[in-house]
């Protein structure tokens, strides 16, 4: 089967209101070079590949919503979208290191304080979407501990509602094996992949309310994850991904209890 793949400072500048400000003309060459380098490294270490990155709209504000397995997820999801740059949310603490903070700022990252409902970061993400950027979100809120997909956080649906832009469901697989939460990175001992779904228009996604929108994203993303998992097993003679809880399809708590 063919494997489709298409290609400051430690503290970000702030506007007069103290909110992070992004200048799209800065770091463009840096982003493209770094993106290409990371993509090559992922291919070398984990035989990374992508399916249908061309489904990501070439212009206009768009959210890319993906399941979250590892620290590798952001470069995997953004690295194979060659036709435009992606923007990311990153833990504020990551910006404390001068050099790493400079790097992730150059990679279009917005610092967010976890567990505080960081209104400044949310406003900045919405501003970037309004200006036509592609933003990557991980609705689970944290990396999986077992390789399976977990319930999406309701706060993400509010951002989707306020953004008024289409959402592209994205699935990553094998990344938990490559660098599990609390574990060490395992080069040459895992294979990773990413699949991009069809964009869902905002009005269509939100027609039954924010909770229904989350349930739809959960279903579509996990269905793609399971498809990737099956394909990767076939391509590796059953070796990758490793067998485990990731073999179980996701069932939302609301579905399990019969809630709408």
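Bear in mind that the values in this text are calculations on the coordinates, not laboratory data. From a predicted model like this one, the values you see are computed outputs, not experimental measurements. Neighbour counts are summed over all protein chains in view; Cβ atoms, including those assigned to glycine, are modelled from backbone coordinates with ideal geometry.
Summary table
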item	result
Proxy reagent accessibility, fewest Cβ within 10 Å first, across 203, 118, 146	203, 146, 118
Gap separating the Cα centres of segment 129-147 and segment 159-220, nearest whole Å	7 Å
For segment 113-198, alpha-carbon Rg and Dmax in angstrom	15.1, 42
Segment 138-254 shape via C-alpha gyration tensor axes, a/c threshold 1.5	prolate
Mean Cβ count within 10 Å, highest first, over the residues of peptides 156-165, 169-178	169-178, 156-165
Segment 28-256: relative contact order as a whole-number percent, Cα under 8 Å and 6+ apart	26 percent
Rounded, prolate or oblate (a/c below 1.5 giving rounded, otherwise prolate when a/b exceeds b/c) for the chain by Cα gyration tensor	oblate
Neighbour-count order for 31, 188, 152, fewest beta carbons within 10 angstrom listed first	188, 31, 152
Packing-based order for 77-89, 218-230, 51-63, using average beta carbon neighbours within 10 Å, highest first	77-89, 218-230, 51-63
